[in-house]
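S.K.: The structure is given below, and queries will be raised subsequently.
The values are calculated or read from the model by the stated rules, or taken from the named source; none is laboratory data. Since we're looking at a predicted model, the values are computed, not measured. As a convention, Cβ positions derive from the backbone with ideal geometry for all residues, glycine included, and neighbour counts pool all protein chains shown.
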Ligand SMILES: Cc1cc2nc3c(=O)[nH]c(=O)nc-3n(C[C@H](O)[C@H](O)[C@H](O)COP(=O)(O)OP(=O)(O)OC[C@H]3O[C@@H](n4cnc5c(N)ncnc54)[C@H](O)[C@@H]3O)c2cc1C
């Protein structure tokens, strides 16, 4: 089974240490049990016990140190970090978040040329420290160009840091807060580290009501020397963007972990509840909602796993991950919301109960599309890839599953962030033509009409500047890429035809839905509207296939329940 089941965790791991980390983490949460988990959530308890567990087992040190800095086996191995991501979110977004912002905080450090700071970070990791990424500012949101945090050069060659950061996770406890700013004299960008314990570091408040500490902090004449500077100028800018390129990928796993746990709870509730002398799962609409939720969740996982392969295979000559990672961010996380919506419609009042995981899931799933660049920001980004994706493919060697135990060097040497529009992709038709299933075939026809419309009824200059118009077109483009990588991965994960075709049943409907949205755009032309109508299709109906997938979902009943 492709879904995580912590009580039967028998995944492939290339080494014993990786397996041990995952099993120990599962055991930590199961021993605490659901009541403890929920009580801490309710009381917004800082997760010192979890961080203590991480420290005692040197887990972040093993998973997040590059070779040469950490212990012999330490490596940043995306394959196993995916697993860890998923497990943490399965138990609670707050545990995932402290790990995630440590990843972000470490990004500019491992990308830096400052060896002393790297050695310091490795030592702190081994001592159980957490890290923070101080990019956002209250007044500027997504507009990082407007950063106001500044470093003012002093006569003695040192600097004074002044300014405020907002929404910075872990900034209450991180001895190295990677802080992004500008030089006061030249306005060039700079990344430096600040220590939360310094007297000129003003930890103003936690801006959220949660177990996390998402800080507003200020630096008042905070002294900085070259020793604390990670990068300057273009390098600092690239470090910010390249860190987010990596970090945003993890948000998909957070959604997958949350949805998986919520699905177990939902099916085990509905399949055992009797109304009008029948089980809730006997209702046809309930079956439909479960089948959609399950297929969408499997699709989320297949895509996110495949995107990891491209991330691991990336090089300066192969930057395809720069399209796939934002799609993980915008698509997988919004699909996560859809999965929870479907499940919540089934379990209804139960989803509010304080002793359910679901109640947390319903709240937390909303965060993922909004953090590290909103859905809009990521669609605006991927649109740049669309012309080359559809009309200018390039041959690449076939890419296998990348689950070998190795450090992913390239993530910390991604090079310049420019030239996105020049990146080429392998021909998406290769994946689509390798499969002959009714709904995949309908989807292929939809893609072809969409592609033709881009040529024959291309967006006008004004439409290209209209973000609202582009967002809908971007959703349609993202769906094509999404389906492609899912087909590529279906083979590796031996997804049977029934399930794959049912996934594309959803995609045919989604493509139709977005096409109708494009039709309704105020600026759509009669020719564009005609193409939109042609794209709207009904999925291929197959009662046997649908029932076989429903049986797979129903089989999840009572399969997993967290210890009380
Ligand atoms: C719980 C939490 C934890 C966080 N942790 C961290 C952290 O550890 N470190 C950190 O640095 N930040 C962190 N953030 C900040 C987070 O990354 C930002 O909230 C996010 O990037 C979006 O900024 P904003 O919410 O201020 O939206 P705004 O930037 O105010 O955006 C407003 C609207 O404009 C749209 N928009 C903006 N720019 C564009 C564009 N170019 N194209 C299309 N639409 C656009 C947005 O989609 C949105 O709808 C955190 C935030 C929260 C809530």
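S.K.: Just checking, how many residues over segment 148-165 are assigned to a strand (DSSP E or B), surrounded by fewer than 19 Cβ atoms within 10 Å (Cβ to Cβ) and within 15 Å of the ligand (Cβ to nearest atom)? Spell out the reasoning first.
M.R.: Narrowing segment 148-165 to residues assigned to a strand (DSSP E or B): 150-153, 159-165.
Filter again for surrounded by fewer than 19 Cβ atoms within 10 Å (Cβ to Cβ), leaving 150, 152-153, 160, 162, 164.
This time we only want the ones that are within 15 Å of the ligand (Cβ to nearest atom), so: 164.
Residues that pass the stated criteria total 1.
S.K.: Give me a count of the residues in segment 88-147 that are part of a helix (DSSP H, G or I), within 16 Å of the ligand (Cβ to nearest atom) and crowded, with 21+ Cβ neighbours inside 10 Å. Talk me through it step by step, then tell me what you get.
M.R.: First, the residues of segment 88-147 that are part of a helix (DSSP H, G or I): 88-91, 93-110, 115-126, 144-146.
Going one step further and asking which of them are within 16 Å of the ligand (Cβ to nearest atom), we end up with 88-89, 93-109, 144-146.
If we keep only those that are crowded, with 21+ Cβ neighbours inside 10 Å as well, we get 88-89, 93-109.
Final tally of qualifying residues: 19.
S.K.: Among the helices (runs of 4 or more DSSP H) lying completely within segment 285-388, list those that include at least 2 residues that are over 30 Å from residue 455 (Cβ atoms).
M.R.: Values: elements: 321-327, 333-347, 358-364, 367-370, 375-382.
Per the criteria, 333-347, 358-364, 367-370.
Per-residue answers, yes or no, for (1) assigned to a helix (DSSP H, G or I); (2) within 14 Å of the ligand (Cβ to nearest atom); (3) within 22 Å of the chain's Cα centre (by Cα); (4) surrounded by fewer than 23 Cβ atoms within 10 Å (Cβ to Cβ):
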{"site": "198", "(1), (2), (3), (4)": "no, no, no, yes"}
{"site": "216", "(1), (2), (3), (4)": "no, yes, no, yes"}
{"site": "223", "(1), (2), (3), (4)": "no, no, no, yes"}
{"site": "227", "(1), (2), (3), (4)": "yes, no, no, yes"}
{"site": "239", "(1), (2), (3), (4)": "yes, yes, yes, no"}
{"site": "254", "(1), (2), (3), (4)": "yes, yes, yes, no"}
{"site": "257", "(1), (2), (3), (4)": "yes, no, yes, no"}
{"site": "269", "(1), (2), (3), (4)": "yes, no, no, yes"}
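S.K.: Which of (1) within 16 Å of the ligand (Cβ to nearest atom); (2) in a loop (DSSP other than H, G, I, E, B); (3) farther than 20 Å from residue 108 by Cβ is the odd one out, the single condition residue 203 does not satisfy?
M.R.: (2) is the only condition that residue 203 fails.
S.K.: Give the residues of segment 1-45 that are surrounded by fewer than 13 Cβ atoms within 10 Å (Cβ to Cβ), without any contact (Cβ under 8 Å) to a residue 24 or more places away in the chain and not in a helix (DSSP H, G or I), sorted by residue number.
M.R.: Scanning segment 1-45 gives 1, 10.
A quick yes/no check of all residues on (1) in contact with a strand residue (DSSP E or B) (Cβ under 9 Å, 6 or more places away or on another chain); (2) within 16 Å of the ligand (Cβ to nearest atom); (3) within 27 Å of residue 425 (Cβ to Cβ):
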residue	(1), (2), (3)
472	no, yes, yes
487	no, no, yes
498	no, no, no
506	no, no, yes
551	no, no, no
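S.K.: Regarding segment 201-210, can at least one residue be identified that is over 22 Å from residue 114 (Cβ atoms) and in contact (Cβ under 8 Å) with a residue 60 or more places away in the chain? Working first, answer last.
M.R.: Of the residues in segment 201-210, the ones over 22 Å from residue 114 (Cβ atoms) are 202-210.
In the following step, the residues that additionally are in contact (Cβ under 8 Å) with a residue 60 or more places away in the chain were identified as 209-210.
Yes, because at least one residue in segment 201-210 is over 22 Å from residue 114 (Cβ atoms) and in contact (Cβ under 8 Å) with a residue 60 or more places away in the chain.
S.K.: Since residue 403 meets every condition but one in (1) surrounded by 14 or more Cβ atoms within 10 Å (Cβ to Cβ); (2) modelled with pLDDT of 95 or more; (3) more than 14 Å from the ligand (Cβ to nearest atom), which condition does it not meet?
M.R.: (2)
S.K.: Does segment 180-188 contain any residue that is assigned to a loop (DSSP other than H, G, I, E, B), within 15 Å of the ligand (Cβ to nearest atom), buried (at least 17 other Cβ atoms within 10 Å of the Cβ) and touching a residue at least 60 places away in the same chain (Cβ under 8 Å)? Reasoning before the result, please.
M.R.: Going through segment 180-188, the residues assigned to a loop (DSSP other than H, G, I, E, B) turn out to be 184-188.
Now drop any that are not within 15 Å of the ligand (Cβ to nearest atom), which leaves none.
For segment 180-188, residues assigned to a loop (DSSP other than H, G, I, E, B), within 15 Å of the ligand (Cβ to nearest atom), buried (at least 17 other Cβ atoms within 10 Å of the Cβ) and touching a residue at least 60 places away in the same chain (Cβ under 8 Å): absent.
S.K.: Okay, moving on. How many residues, within segment 352-378, are more than 16 Å from the ligand (Cβ to nearest atom) and over 19 Å from residue 564 (Cβ atoms)?
M.R.: 2
S.K.: Tell me the residue from 75, 80 that is away from the ligand (no atom under 16 Å from the Cβ), assigned to a helix (DSSP H, G or I) and touching a residue at least 40 places away in the same chain (Cβ under 8 Å), please. Break it down into steps so the answer makes sense when it comes.
M.R.: Working: 75 fails: assigned to a helix (DSSP H, G or I).
Selected residue: 80, the only one of 75, 80 that is away from the ligand (no atom under 16 Å from the Cβ), assigned to a helix (DSSP H, G or I) and touching a residue at least 40 places away in the same chain (Cβ under 8 Å).
S.K.: Could you list all residues from segment 271-282 that are in a helix (DSSP H, G or I) and under 21 Å from residue 6 (Cβ atoms)?
M.R.: none
S.K.: Would you mind telling me which numbered condition in (1) within 30 Å of residue 459 (Cα to Cα); (2) within 16 Å of the ligand (Cβ to nearest atom); (3) surrounded by fewer than 21 Cβ atoms within 10 Å (Cβ to Cβ) residue 318 fails?
M.R.: (2)
S.K.: What number of residues in segment 428-439 are surrounded by fewer than 17 Cβ atoms within 10 Å (Cβ to Cβ) and not in a helix (DSSP H, G or I)?
M.R.: The first filter runs over segment 428-439 and keeps only residues surrounded by fewer than 17 Cβ atoms within 10 Å (Cβ to Cβ), leaving 429-430, 433-434, 436.
Now restrict to residues that are not in a helix (DSSP H, G or I): 434, 436.
Residues meeting the conditions: 2.
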